[in-house]
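The values are calculated or read from the model by the stated rules, or taken from the named source; none is laboratory data. Because the structure is predicted, anything quoted here is derived from the model rather than measured. When we count neighbours, we look across all protein chains shown, and the Cβ atoms used for this are built from the backbone with ideal geometry, even at glycine. Each accessible area value is taken on the protein alone, full model and side chains, heavy atoms only, with ligands, DNA and RNA left out. Shrake-Rupley method; radii C 1.70, N 1.55, O 1.52, S 1.80 Å.
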Amino acid sequence: MHSSELARLAGVSTDTLRYYERLRLLPTAPRSAAGYRLFPAQALDRVRLIRGALGIGFSIRELTAIFAERDRGGAPCQRVLLLAREKLATVEASLRDLQIWRRELKTTLAGWERQLRKTPRGQRAGLLETFVASHPNRQTRYSSRMPLARGHQKGEKSQ
């Protein structure tokens, strides 16, 4: 099938297919006389497998190594299992962090609401300042695992 048909069936772009092919996640497709890529039917299964693995946290780099071993006739199953266990441990640690963060935010919000009720209308209550003063070490507590706000990547300056 042509790359446009494979892309449509797999729900990806043709650019994505070229990227997967370039990384050897997909075997190099033979070309038609007109120069179009012609993928075998099993390429759809491979793209779906790639998308599924990405969806549960595997990286392109990990998949490249796994598929390279697999395509050479190897059985990377132990590696896949180990990587999946590591991903689960990371997710569980993130969930613990999120639960702690959630409790702290609920407590903080309750305190801020009490503080705002005591603050005359139109005057600053200093909410953020009170939080920082009472939690001086919270500045980086979640930064290693928490996702960054959309549009703010590490090293990117706010505008």
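Results, tabulated for the structure shown:
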{"quantity": "Hits in the range 5-35 (condition: in contact with a Phe, Trp or Tyr (Cβ under 9 Å, 6 or more places away or on another chain) and β-branched (Val, Ile, Thr))", "calculated": "12"}
{"quantity": "Identity of the residue in the range 1-34, within 22 Å of the chain's Cα centre (by Cα) and acidic (Asp, Glu), that ends up surrounded by the most Cβ atoms within 10 Å (Cβ to Cβ)", "calculated": "21"}
{"quantity": "First in the range 14-36 and within 18 Å of residue 71 (Cα to Cα), second anywhere and assigned to a loop (DSSP other than H, G, I, E, B) and of a type in the set (Ser, Thr, Tyr), Cβ under 8 Å, 6 or more apart", "calculated": "21/28"}
{"quantity": "Subset of the range 54-67 (residues that are farther than 17 Å from residue 24 by Cα and open to solvent by 50 Å² or more (accessible area, probe 1.4 Å))", "calculated": "55, 56"}
{"quantity": "Test: residue in the range 46-58 that is without any contact (Cβ under 8 Å) to a residue 40 or more places away in the chain and more than 30 Å from residue 90 (Cα to Cα)", "calculated": "no"}
{"quantity": "Selected residue [under 22 Å from residue 24 (Cα atoms), modelled with pLDDT under 95 and surrounded by 12 or more Cβ atoms within 10 Å (Cβ to Cβ)] from 51, 70", "calculated": "70"}
{"quantity": "From 46, 37, residue being open to solvent by 40 Å² or more (accessible area, probe 1.4 Å) and of a type in the set (Lys, Arg)", "calculated": "37"}
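Here's the yes/no breakdown for (1) touching a Pro at 6+ places or on another chain (Cβ under 6 Å); (2) at pLDDT below 95; (3) farther than 30 Å from residue 30 by Cβ; (4) surrounded by 12 or more Cβ atoms within 10 Å (Cβ to Cβ):
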{"position": "81", "(1), (2), (3), (4)": "no, no, yes, no"}
{"position": "84", "(1), (2), (3), (4)": "no, no, yes, yes"}
{"position": "88", "(1), (2), (3), (4)": "no, no, yes, yes"}
{"position": "111", "(1), (2), (3), (4)": "no, yes, yes, yes"}
{"position": "121", "(1), (2), (3), (4)": "no, yes, yes, no"}
